[in-house]
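The values are calculated or read from the model by the stated rules, or taken from the named source; none is laboratory data. Everything numeric here is computed off the predicted structure, so don't read it as measured data. In this analysis, Cβ positions are derived from the backbone assuming ideal geometry, glycine residues included, and neighbour counts consider all displayed protein chains.
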């Protein structure tokens, strides 16, 4: 084995870009041509302790189909194997303690994962969209299973949550149609009411089952107030114009509307023009979803999205003064200035958007619920905003906030406590 001054390591199984630090060696990227890769345990005299840069996938644009991690690896960083459909086999380290956010998200050919007894944390989206994964056992050492950790694992039919697991986040096992039953251990402290699909045929058993079923029933009753029953798909701006014209003619006093579109038109690659919505002045509940943006997120690292997607202009929404509920999650929204006029708004969902500043929400003093989780570009939330929203009862925050401790302290001072998972706070 040998290495050069550029941090490229040559071995019999390929080449690696790596970083040496006080904790050992982190494999940043594999640049070899092998189909099956066994990562060495030691590089340049340093134990290989981590996989991934935390930003871009380690095996991007390679032929790799199988990976074996050495026993020295304790951390798999965010996005390490993100959107890696070629990966069919992965042998994890018995020493592994943390699997990062979206680490295996989109590994659609992965059929099996064995998690060992030192694993402590499975972060948000870690195994989401692993369509071929058939079974999973969460070991007793794992304290936290993050939001959407196994979301949309279409073939997942067998799940074991071992006694010792304490937290399970929102939609952790949602959209897993073949999963019919699960035993909930007594060790659970918090488990989101949305962790599993709300299906009649789903069976819960175990010591925590009765308490969890009761909490889901309460959530179901509360959520009825926010249901939207008028949902439409639109192809483009012209299609939205036609829809609004039809609604104005047939339902001029419409109060709720859900719009789904896909901005990634091969000809124009432009988002839908929302201007016609400004004419629906009676709207009280509005949901706008960009299916194309969701796909782009699956295919690319979050840091690349600003250059890849076109931002959605929401200025037309400023005239909808009767809105009490607005859901813009999973849309490429960034400028929130138009929302400052929506003084009646009570519930606002901006999760998974391109928001960089939320100070424009200061006038919205009637807000009861604010969702900012997965807003990767949002660096800070000013404490003054938290203090100004006096009616706020629950708020979710992105995990990458630079002033996280300051915001958490302010929330606790106002009587907020954690619920479901660490990014979600409710007023006690």
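Would it be correct to say that residue 317 is at pLDDT 90 or above, assigned by TED's automatic domain parsing to the domain that holds residue 374 and surrounded by fewer than 19 Cβ atoms within 10 Å (Cβ to Cβ)? Steps first, please.
Details: at pLDDT 90 or above: yes; assigned by TED's automatic domain parsing to the domain that holds residue 374: yes; surrounded by fewer than 19 Cβ atoms within 10 Å (Cβ to Cβ): no.
Judged against the criteria, residue 317 is not a match.
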Query raised in the report: Taking segment 369-393 as the search range and keeping residues that are at pLDDT 90 or above and within 19 Å of residue 170 (Cα to Cα), which one is surrounded by the most Cβ atoms within 10 Å (Cβ to Cβ)?
Result: 370
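Would you point out the residue of segment 338-355, among those that are within 16 Å of residue 367 (Cα to Cα) and touching a helix residue (DSSP H, G or I) at 6+ places or on another chain (Cβ under 8 Å), that is surrounded by the fewest Cβ atoms within 10 Å (Cβ to Cβ)? It would help to see each step written out before you state the result.
Kept after step one, since they are within 16 Å of residue 367 (Cα to Cα), are these residues of segment 338-355: 338-351.
Imposing the further condition that a residue be touching a helix residue (DSSP H, G or I) at 6+ places or on another chain (Cβ under 8 Å) reduces the set to 338-342, 345, 347-348.
Numbers: 338: 18, 339: 25, 340: 14, 341: 16, 342: 23, 345: 25, 347: 20, 348: 24.
Only one residue fits best here, namely 340.
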Requested in this report: Would you mind stating whether residue 45 is at pLDDT 95 or above and out of contact with any strand residue (DSSP E or B) (no Cβ under 7 Å at 6 or more places or on another chain)?
Outcome: no
Query raised in the report: Can you find even one residue in segment 179-186 that is buried (at least 17 other Cβ atoms within 10 Å of the Cβ) and modelled with pLDDT under 90?
Result: no
Requested in this report: Check off (1) modelled with pLDDT under 90; (2) over 30 Å from residue 140 (Cβ atoms); (3) assigned to a loop (DSSP other than H, G, I, E, B) for residue 20 and give me the number that stays unchecked.
Outcome: (3)
Query raised in the report: Mind checking which pairs have a first residue in segment 242-253 that is under 10 Å from residue 280 (Cβ atoms) and not assigned by TED's automatic domain parsing to the domain that holds residue 232 and a second that is at pLDDT 90 or above and surrounded by 11 or more Cβ atoms within 10 Å (Cβ to Cβ), Cβ under 8 Å, 6 or more apart or different chains?
Result: none
Query raised in the report: With (1) surrounded by fewer than 19 Cβ atoms within 10 Å (Cβ to Cβ); (2) touching a strand residue (DSSP E or B) at 6+ places or on another chain (Cβ under 8 Å) as the list, and residue 55 as the residue in question, which single condition is left unmet?
Result: (2)
Report summary line: How many residues of segment 75-91 are under 23 Å from the mean Cα position of the chain (by Cα) and assigned to a loop (DSSP other than H, G, I, E, B)? The answer is 11
Query raised in the report: Taking segment 399-428, which residues are farther than 26 Å from residue 331 by Cβ and part of a loop (DSSP other than H, G, I, E, B)?
Result: 414, 415, 428
**Report entry** residue 311 being at pLDDT 90 or above and out of contact with any helix residue (DSSP H, G or I) (no Cβ under 7 Å at 6 or more places or on another chain)
**Finding:** no
